[in-house]
Every structure is written in structure tokens, then in C-alpha cells.
Amino acid sequence: MDQLRFDGRVAVVTGAGGGLGKAYALLLGSRGAKVVVNDLGGARDGAGKSANFADAVVKEIQDKGGVAVADYNSVVEGEKIIKTALDNFGQIDILINNAGILRDRSFAKISEQDWDLIQAVHMKGAFKTTQAAWETFKKQKYGRVVMTSSNAGLFGNFGQANYSAAKMGLVGLMNTLSIEGAKYNVKVNTIVPTAASRLTEDILPPEMFDAMKPDLIAPVVAYMVHESFPDSGNIIDSTLGFATKTHLVRGDGAPLRSKPSDPVTIESVKQHWADAVNMTGAKHVEKLTDVTLDLVQKLQDFDERV
Ligand code: NAD
């Protein structure tokens, strides 16, 4: 297969000074993209800042013959990061929303500050960068965006209520942006990575930590932002050189009464509950109108049947 390249494309990778973002930036830079290496350079709980993280990655890309500039803004001021791309390279084609922090605590111990900072970096950060790039994407009828979620958000994880909420929120953001971007050839997808980084060094078992290299996930994300990538609105889980898709499914449902003229009561709900939540034949919902049409159809079938 011909090498998939990014010549002529400008990519912004947030949080690219370390971990996964660094692997994404290095790979894109090695394949011809001009890269904005954004990183605030703080601690893993979001405290502090430094230019060292982003500078080191820019140097590595340049040393290998690539083109990159550093950006030290917080994603909370995402418009400044997009401005760095436009000022330096005159365009933006690819945005990987990767920056992230952790403030893990069991739910009762989460302070308002822990909550707000996690939402700010993950959710508001992705909103600010993506919205700032959106007009350009629409005008040029081209854009590739990746959000970064987590299995902790999709499935829950003890001690990560603030993080889980933000990470699932990003899936909601992707869902709607993939619809709004469709007619402009703007594709928005979500990566769910599991990799060795400073965020996971005390979570992953040591024998797995060494094997879970961010380099094994970078090609997946790079393909997701390539012009040939066919899909939008997908949640792609990747680790250890493996990729799979996760999506929500909706059950077939069931009437909550025996005939249309009966009232729905708490008791009738209890009586029909097992059928209502039975997931046999559950399907993925492609678009919201499918839910409405499905409900109208079911109502008609129910009326006719009894
Ligand atoms: P990491 O700490 O190595 O990288 C995150 C980078 O984001 C850091 O370099 C940090 O300085 C930067 N950053 C933090 N706040 C920022 C801000 N406000 N503005 C700009 N940059 C900021 O961690 P990682 O594991 O590489 O995480 C990357 C992303 O992947 C995060 O969104 C994380 O939540 C997500 N994730 C990681 C894993 C995993 O297994 N490593 C699992 C699920 C999700």
C-alpha cells in the first residue's frame, strides 16, 4: 500500500508534549504534516506550567526533518492555539483534542475545584479549540477532528466521577459535531486509548505498562485524521496494536400496558419492565430521527395488535 501522508496539511495536537499526544505529533510530523505542538506543561493534576514539554517535541520533529511550532497555551484558551496554527502556517486541517489531566477522588471527596478543572481541561478545552477551528473547516470544506475519551467515561471507574463525566461528555460533543460537520467534509471521531503514560503509571500493572506503548495507538489516530478516513461519529478503542469500535445500542422496548386504553401505572411499569429492558435484538441508532420513527411505528403496531 502507498504510504499515507499528510503533506500540505496542518495539524494541531493538544497536550502533545508527552504521552500519547507526543506520539501523535511525531508520527504526523514524520509523514509531512506541519504540526502545532501544544502543551501547557503542567503536572498531571493540572498544576503549574512549563515550555519544556512542547519545546522538546518540536525539536524532535525538526531534528528528523519535519516542520513544527510550539504552543504553550492551555486548551481552555483554545482559540489561541488555533491562532498559532493560522499565524504560522495559514491554515488548519487536523485537530486532535488530546490534552488531559486527572484529579481522581472517590465521589464524596471531589471538591468543586477538582470538578471544575477536569471539566475545563477536557470538555471546555475541546469546545474552545474545535469551535475556533470550525469556521475554517467549513470554509475550506475539510476538517478532521479527534476527541479523546476513556473507558472510564464509557463504562465508569471507581474514583473517577469527574473524569468519567467529562470523557462521556466528549462523546456527546462528537455525536453532534459529526452531524453538523457532515456536509462540509468535517469528520469527527473519538479515540479511547489505553497506554503507558504518566497518567497510568500508578494504575496499570508494571508488566502491562511496558507493553502499552503510545506508538501502538498513534497510527490508529493518524489514520482517523487522514483524508482517506471514511467514517465520522465513531468511538474507536485502541491499545497494544488492537482496535475496536464501541457504540451505544438501544433495545427493542415494550409497551407498558396491555392495551392502548389501559392507563400506564407504576404497577403496569413493574409488570412489563423485564420486556422493556430486554436487550435481545438491540440496535445501534444511526440518527435521532430513527428513534422517533421507531417509536411511532411501535405505537402503531401496538394499536393495531390489540
Ligand atoms: P499525559 O499526561 O502524558 O499527556 C497529557 C498532556 O496534556 C500532558 O503533556 C499535559 O502537560 C498536557 N496538558 C494538560 N493540561 C493541559 C492544558 N490545559 N492545556 C494544554 N495541555 C495540557 O497523559 P496521556 O496518557 O498521554 O493522556 C492523553 C489523553 O488520553 C488524555 O486526554 C487522557 O485523559 C486520555 N486517556 C489516556 C489513557 C491512557 O491509558 N494513557 C486512557 C484513557 C484516556
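The table below gives the values:
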| read-out | value |
| --- | --- |
| Considering residues of the stretch 117-164 that are under 24 Å from His226 (Cα atoms), among the β-branched types (Val, Ile, Thr) and more than 12 Å from the chain's Cα centre (by Cα) only, the residue nearest to the ligand (Cβ to nearest atom) | Thr129 |
| Single unsatisfied condition, Val221 versus (1) without any contact (Cβ under 8 Å) to a residue 60 or more places away in the chain; (2) outside any strand (DSSP E or B) | (1) |
| Residues (of a type in the set (S, T, N, Q) and touching a Phe, Trp or Tyr at 6+ places or on another chain (Cβ under 7 Å)) located in the stretch 166-195 | Asn185 |
| The stretch 77-113, residues that are within 15 Å of the ligand (Cβ to nearest atom), surrounded by 19 or more Cβ atoms within 10 Å (Cβ to Cβ), part of a helix (DSSP H, G or I) and not β-branched (Val, Ile, Thr) | Gly78, Ala85 |
| Selected residue (only one of Asp290, Asp275, Asp294, Asp301 is modelled with pLDDT under 95, surrounded by 11 or more Cβ atoms within 10 Å (Cβ to Cβ), farther than 21 Å from Thr176 by Cα and among the charged types (D, E, K, R)) | Asp301 |
| Residue within the stretch 211-230 that is away from the ligand (no atom under 12 Å from the Cβ), of a type in the set (Asp, Glu) and over 21 Å from Val36 (Cα atoms) present | no |
| Leading residue by the ranking (farthest from the ligand (Cβ to nearest atom)) among those in the stretch 182-202 that are in a loop (DSSP other than H, G, I, E, B) and loosely packed, with under 14 Cβ neighbours inside 10 Å | Asp202 |
| Filter result (among the small types (Gly, Ala, Ser) and more than 9 Å from the ligand (Cβ to nearest atom)) within the stretch 54-76 | Ala56, Gly65, Gly66, Ala68, Ala70 |
| Flag for Leu28 being within 7 Å of the ligand (Cβ to nearest atom), among the hydrophobic types (A, V, I, L, M, F, W, C) and modelled with pLDDT of 95 or more | no |
| Residue identified as surrounded by 21 or more Cβ atoms within 10 Å (Cβ to Cβ) and among the aliphatic types (A, V, I, L, M) among Met147, Met168 | Met147 |
| The listed residue being among the aliphatic types (A, V, I, L, M) and more than 24 Å from Ile191 (Cβ to Cβ), out of Ala108, Ala133 | Ala108 |
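The values are calculated or read from the model by the stated rules, or taken from the named source; none is laboratory data. Owing to the predicted nature of the structure, the values given are computational and were not obtained by experimental measurement. Positions of Cβ are backbone-derived with ideal geometry, glycine not excepted, and every protein chain shown enters the neighbour counts.
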